[in-house]
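Peer 1: First the structure, which I've put down as structure tokens, then a few questions once you've had a look.
Computed from the coordinates by the stated procedures, all read-outs in this text should not be read as laboratory data. In this text, all values refer to a predicted model and were calculated from it rather than measured experimentally. Note: ideal-geometry Cβ built from the backbone for every residue, glycine included; neighbour counts use all protein chains shown.
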Amino acid sequence: MKVSGFTFIRNAQKFDYPIAEAIGSILPLCDEVVVCAGNSDDDTRKMIEIIPSEKIKIIDSVWDDTLRKGGRVLAQETDKAFAAIAPDADWAFYIQGDEVLHEKYIPTVRQAMEQYKDDKKVEGLLFKYIHFYGSYDYLGNSRRWYQHEIRIIRPHEAIRSYRDAQGFRINGRKLRVKKIDAFIYHYGWVKPPKYQQAKAMKFHCMWHDDAWIEHHIPDMEEFDYSKIDSLKLFEGTHPLVMQERIARKNWTFSFDVTKKKFSFKDRCLHRLEQLTGRRWFEYKNYHLI
């Protein structure tokens, strides 16, 4: 079984992305990891070059900064990385620059890839998600956070990244996937407040014009983490590759998890989810088989 990893990144230092940790977390499962390194204003490429692995293959890219609708440039960069993986790969493992696979799930993921390798009906593997917010101690637990996403796909020439690189399509249709009992840890909302604010300003440029950003994004030096609807405490362990980064944390954030900032509709849906264990009316970016 041959597995190719792929990802893209730009300005990882400037916006404090854990790209080295993301890549390192999937290396044990991959025969290669293709990294599409964008035209950065910092030493992002060097960060990738010094990762101690011969499996890493770097390709250089120039982002189209004129694409300012729907986050489409993110899908474009994903497609560039995917196009560069080995043509004989059985599976392709996609990881984004703020996502990490806990090492405890490596056996589960490997077993699933082996189990479905020859079952051509299975076009991808669906992971569960947990989303950290504000610090490494809190998880988002409202409907604003997606619960599942495809991160392993069966390579096919017609597969393309969809919309803002959240999922994939094959000839325009959703992929047929199997759900596996493994989580991706998403750290995109955990970084020093000044980096989070800088990221927010830049990130919205992929969706909106300057006038919208000026009107909707407050001009602040630091991001205000307090404006969140609902969180819960994280009771597990973080991946080993994240331990050094966590030890360097130099800001504080606390939140009263008993307080919820929901609209009436969201409060009812949240309560229904807590009672039934099911997220009602959830958008699914895949076909579960």
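Peer 1: Determine the gain in length on full extension of the stretch Asp64-Tyr283; use 0.36 nm per residue of separation and subtract their C-alpha separation, reporting nm with one decimal.
Peer 2: 76.0 nm
Peer 1: Let me ask something else about it. What is the extension gain from Lys259 to Arg176, computed as 0.36 nm multiplied by their sequence separation minus the C-alpha to C-alpha distance, in nm to one decimal?
Peer 2: Gain on stretching Lys259 to Arg176: 26.0 nm.
Peer 1: With a cut-off of 17 Å, note down the residues of region 1-30 whose backbone N falls inside the zone around a label point 7 Å from the Cα of Arg110 toward its beta carbon.
Peer 2: Residues passing the 17 Å test: 1-5, 24-30.
Peer 1: Based on alpha-carbon centroids, what's the gap between region 198-252 and region 116-159 in Å, whole number please?
Peer 2: If you average the Cα positions of each part, the centres end up 20 Å apart.
Peer 1: Return the Rg/Rh ratio of region 120-252 with Cα-based radii and a Kirkwood Rh.
Peer 2: Rounded to two decimals, Rg/Rh equals 1.02.
Peer 1: Under a 10 Å cutoff between Cα atoms, tell me which one of Leu67, Leu272, Leu101 has the largest fluctuation in the Gaussian network model of the chain.
Peer 2: Highest fluctuation among the options: Leu272.
Peer 1: I want to check the label-to-label distance for Thr252 and Asp118. Put each point 7 Å from Cα in the C-beta direction and report it in nm to one decimal.
Peer 2: Label-label distance for Thr252 and Asp118, simple model: 6.0 nm.
Peer 1: Right, another one. Quick one: Debye curve from the C-alpha atoms of the chain, no solvent, what's log10 I(q)/I(0) at q = 0.12, 0.13 Å⁻¹?
Peer 2: -0.81, -0.97
Peer 1: Which one, His131, His204, Ser230, is farthest towards the positive end of the dipole of the chain when Lys and Arg carry +1 and Asp and Glu -1 on their Cβ?
Peer 2: Among His131, His204, Ser230, the one farthest towards the positive end of the dipole of the chain is Ser230.
Peer 1: Using only the Cα atoms of region 33-86, what do you get for the radius of gyration and for Dmax, in Å?
Peer 2: Taking only Cα atoms of region 33-86, I get Rg and Dmax of 12.1, 37 Å.
Peer 1: What dipole magnitude, in Debye to the nearest 20, does the chain give about its Cα centre under +1 on Lys/Arg Cβ and -1 on Asp/Glu Cβ?
Peer 2: Rounded to the nearest 20 debye, it is 1320 debye.
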